[in-house]
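These notes are about the structure you will find just below.
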Amino acid sequence: MSDVTGKAEKNTVPGTLESRDITKTFGGKAAVDRVTLSLEKGHVYAMLGPNGSGKTTWMKMAAGLIKPTSGLILFESQPVSIESRKKVAYMSTEPYFYSWMSVSDVGLYYQDFFEDFSYDRYTVLLKKMELEETMKTTSLSSGMMAKLKIAVTMARDAAVYMLDEPFNGIDLLARDEIRTAILEYATPDKLLLLSSHLVEEMEAIADRAVFLHHGRLVESVSLEEMREERGLSMADRYRQIYGHGEE
Amino acid sequence: MKHGMSKLLKYEFRKTQASKLILLGLTAVAQLVFLGGLFFRRENAMVTGALVLSFLGVGGILFIGLQSVLTLHRDMNTKQSYMLFMTPNSCYRILGAKVLENGLSILLVGVFFFALGLLDITLLLSSYGELSQLWTFLTDLLHQLNEDIQLNAQNFAAMMFGLIGSWFATVMMAYLADVVSSALLGGRKYNGLLSFALFLALSILLGFLQNLLPGMSPERIILYFMLRAITSIAFSVLIYFISAKIMERYLSV
Amino acid sequence: MQYDANAPIWLQVMSSLELDMVTGKRPPGEKLPGGRDLAVQYGINPNTASRVYQELERKGLCETRRGLGTFVTTDGARLEGLRREMAQRAVSQFLSSMDHLGISRTEAARMILEEEKICQT
C-alpha cells in the first residue's frame, strides 16, 4: 500500500490525470469504488455509464470539489489541490451561476478568478453559440444555459477540461455547436474528459472510452482499435456492458 | 495572494448588495418622515420616523448577520457552491472573505446608524428648546445621584461596539455550526439538532468566559464594553480558523 | 457527415476524401484542410484526423510540404490507380450482391447491357 498512499513522486508528467485505488463513500455506500485510472493529454475521453455509476463523483474528485475517502487522485503526479484548479477546468451538469448574473457577469467572474481565462475567446464562443452578453442567466432556456456553460469553460486555456453531460437537454443544432467548440480546443496538449448518456453523440469526437459500472472501472479502451479489431462501436460495447442485467 | 482575496470580497459584497440598498432606501424614507415632522412640527410623523429609524438600525444589523449565515449555507449546499469552490482559493480565503465582509458590514451599518442617531438627536434638541432643558435636567439628575454615570456619546459608542462585537461573535458561531453541519454531519440523522446544540454550547462558553471579565461599574463603562467587544472578536477569529480547517479537510460540494 | 460507428472512422473519412479526389472535387495539387480543421469540419477526433492523413500519405495520395500544409498529389498515375481501385471495389460489391441474389455473372453482365440500352433510348 505504501506506493499508493505515499507522497506522489517528483517527476511530473504534464497534462496527466490519474486516480490510484480511489474510493468515495456517501453514507456507507461507495459512489466510486477502488478506481485506478490514468488519462493522458492529447486525447478526448468519453466517460460512460448509467446514472449512479460514479462519473460525476470521479470528476468532482479530480476537480478538487470532493475529497476522496481513500486512495489518491493526481494531476501531473501531484495530489489534486487548489493549485491544480488553476489548470483543471470542470463544468458541472447543473447550472451554477449566481442568479444576479448576466452572461457578461459570468465571463467577468471567470476572468477575476482564472488566469487562463480569455474574455476575447469568450466573446468569440458566445457569438458562435448565439448568446448575447446582456442576457440574464435566469432568463436562459436550458439549451442556452448549456451553451453558456460550455462557452465560459472552454474560454479557459486549461490543461484539462472535464465536461459533465455537455449534451444534456440540448437540441440537435446546439449539439453541433457544442461539438465544434469542443473539437476546436482539443489540441495535442489538452486532455478532455466528457461524460454523457448520449453515447452516439460522442462516437466520432472521442478517441477513448472509460466505462464505469456501480462505481467500478470496467475498462478504458481505444475506440478506433475496438472498431478495427472487434467491429464494435462505443454504443455496442455500452449495450454489452450495461444491457442485460449485471455484468 | 492578496489579489484573489479582494476578488472574493468583491463578490461577497455583491451578494448582499440588494438588501443593503433596500435598507438604505427605507432608512432614507424614514429619515425624511422624521425631518418633515421636525420642521413642520408634526409630532406624529416625527415619532413614527424616529421609531422606524430605531427599528431599521437594530433590525438592519440583525438582518445582515442572518443573511450572511444564509449565504454561507447556500454557498456550501447548493449548486451555487461550484462558483466558489472551483476557484483556486483555499477555504481559509473563501471563508475569510465572508467573515471580513460580514464584520465590515455590521460595523459600517452600526456606525452609520449611530452617527445618524446622534445627528437626529442634536437636531431634535436644537429645534425643541424645551426638550433640551428636559435632557439637561435628566443628565444633571443622574449626575447628582451618581457622579460617575454620564449619558454621553462616548459611553453610547462603547456600548454599541460591545453589542456589535457580541452579535458578530454570534454570527461566527452560527458559521461554525453550519460548517460542521454541512461538512461533517451532512446527511446524518439529527444534523440540524446537533449543529444547533453546538451553536448553543458555543454561546454559553463565550458568555461564561466573558463573565470572568471585570463587571460593569459606573466608572468603567467604556472599559467594560470594550473588553466585551475585544473578547468577542478574539473568540470569532478562533472560530474562523476552526471552521476553515474543517472545511478544508472535510467539505465536499 | 454520418458515420457507421462499427467501422473505423478514419477509414470512412479517408474514403470520403478519396472520392473527392477522384471526382475532381479536390483536384490535384489542391491544399487540404489542416489536421485540426479536418477534425472540426468532419466532426471527428483530432487523432482520427491525423490518422487519415497518415494513411493518405502512405498511399501516396497526398503530400505534406513543411510549413505549407498538406496537398492532393499531382501524380496523375496515382489518382488513376485510385479511380481503378475504387471502381474495382464497386464492381466486387455489385457482384457479391448479385451472388447473394443467386444471379450468375453472365446474367449480371446481360442485365448491365440491357440497362444501358434502356438509358440510350
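Are any of the residues in the range B:173-187 surrounded by fewer than 12 Cβ atoms within 10 Å (Cβ to Cβ) and within 30 Å of residue B:77 (Cα to Cα)?
Yes: the range B:173-187 contains one or more residues that are surrounded by fewer than 12 Cβ atoms within 10 Å (Cβ to Cβ) and within 30 Å of residue B:77 (Cα to Cα).
Go through B:138, B:142, B:125, B:134 for me and flag whichever is away from chain A (no Cβ under 14 Å), over 27 Å from residue B:168 (Cβ atoms), touching a helix residue (DSSP H, G or I) at 6+ places or on another chain (Cβ under 6 Å) and part of a helix (DSSP H, G or I).
Checking each option against the conditions leaves just B:125.
Within the range B:16-28, can you find the residues that are touching a residue at least 12 places away in the same chain (Cβ under 8 Å) and within 18 Å of residue B:114 (Cα to Cα)?
Hits for the range B:16-28 are B:20, B:23, B:26, B:27.
Given A:45, A:110, A:98, which one is among the hydroxyl-bearing types (Ser, Thr, Tyr), within 18 Å of residue A:215 (Cα to Cα), within 12 Å of another protein chain (Cβ to nearest Cβ) and surrounded by 17 or more Cβ atoms within 10 Å (Cβ to Cβ)?
A:45
Kindly establish whether residue A:163 is surrounded by 22 or more Cβ atoms within 10 Å (Cβ to Cβ), more than 15 Å from residue A:91 (Cα to Cα) and touching a Leu at 6+ places or on another chain (Cβ under 9 Å).
The answer is no for residue A:163.
Using the structure shown, decide if residue C:4 is free of Cβ contacts under 8 Å to residues at least 12 places away in the same chain, acidic (Asp, Glu) and within 12 Å of chain A (Cβ to nearest Cβ).
yes
May I ask you to verify whether residue A:32 is in a strand (DSSP E or B), within 14 Å of chain B (Cβ to nearest Cβ), of a type in the set (A, V, I, L, M, F, W, C) and in contact (Cβ under 8 Å) with a residue 12 or more places away in the chain?
yes
Which residues, counting only those in the range A:55-71, are away from every other protein chain (no Cβ under 14 Å) and either buried (at least 21 other Cβ atoms within 10 Å of the Cβ) or aromatic (Phe, Trp, Tyr) (or both)?
A:55
Looking only at the range B:84-111, count how many residues are at the interface with chain A (Cβ under 8 Å from one of its Cβ atoms) and touching a residue at least 24 places away in the same chain (Cβ under 8 Å).
Selection size over the range B:84-111: 5.
So residue A:121 fits all but one of (1) at the interface with another protein chain (Cβ under 10 Å from one of its Cβ atoms); (2) farther than 20 Å from residue B:90 by Cβ; (3) basic (Lys, Arg); what number is the exception?
Every listed condition holds for residue A:121 apart from (1).
Which ones in the range C:97-111 are exposed (fewer than 10 other Cβ atoms within 10 Å of the Cβ) and either aliphatic (A, V, I, L, M) or under 25 Å from residue C:15 (Cβ atoms) (or both)?
Within the range C:97-111, C:100, C:101 qualify.
Within the range C:60-72, take every residue that is free of Cβ contacts under 8 Å to residues at least 12 places away in the same chain and surrounded by 13 or more Cβ atoms within 10 Å (Cβ to Cβ) and give me the one that is farthest from the other protein chains (Cβ to nearest Cβ).
C:63
Output the residues belonging to the range C:7-40 that are assigned to a loop (DSSP other than H, G, I, E, B) and at the interface with chain A (Cβ under 8 Å from one of its Cβ atoms).
C:7, C:8
Of all residues in the range A:166-182, which are in contact (Cβ under 8 Å) with a residue 60 or more places away in the chain and either within 14 Å of chain C (Cβ to nearest Cβ) or buried (at least 21 other Cβ atoms within 10 Å of the Cβ) (or both)?
Scanning the range A:166-182 gives A:166, A:182.
For the range C:54-73, name all the residues that are in a loop (DSSP other than H, G, I, E, B) and over 13 Å from residue C:32 (Cα atoms).
C:59, C:60, C:66, C:67
Considering only the range A:93-114, how many residues are under 20 Å from the mean Cα position of the chain (by Cα), at pLDDT 95 or above and part of a loop (DSSP other than H, G, I, E, B)?
Qualifying residue count for the region: 2.
Could you grab me the full set of residues in the range B:197-208 that are exposed (fewer than 15 other Cβ atoms within 10 Å of the Cβ) and within 20 Å of the chain's Cα centre (by Cα)?
Correct list: B:200, B:204, B:205, B:207.
Report yes if residue B:90 is over 24 Å from residue B:252 (Cα atoms) and out of contact with any strand residue (DSSP E or B) (no Cβ under 7 Å at 6 or more places or on another chain), otherwise no.
For residue B:90, the condition - over 24 Å from residue B:252 (Cα atoms) and out of contact with any strand residue (DSSP E or B) (no Cβ under 7 Å at 6 or more places or on another chain) - is not met.
What number of residues in the range B:221-240 are farther than 16 Å from residue B:163 by Cα and either touching a residue at least 12 places away in the same chain (Cβ under 8 Å) or in contact with a Pro (Cβ under 7 Å, 6 or more places away or on another chain) (or both)?
2
Of all residues in the range B:66-79, count the ones that are crowded, with 20+ Cβ neighbours inside 10 Å and either on the phi > 0 side of the Ramachandran plot or not hydrophobic (A, V, I, L, M, F, W, C) (or both).
So the count comes out to 2.
Which one is farthest from the other protein chains (Cβ to nearest Cβ) among residues in the range A:189-201 that are modelled with pLDDT under 90 and assigned to a loop (DSSP other than H, G, I, E, B)?
That would be A:197.
Taking residue C:82, is it in a helix (DSSP H, G or I), touching a residue at least 60 places away in the same chain (Cβ under 8 Å) and not assigned by TED's automatic domain parsing to the domain that holds residue C:32?
yes
The values are calculated or read from the model by the stated rules, or taken from the named source; none is laboratory data. None of these values were measured; they are calculated from a predicted model. Don't worry about glycine lacking a Cβ; one is built from the backbone with ideal geometry, like all the others, and counts go over all protein chains shown.
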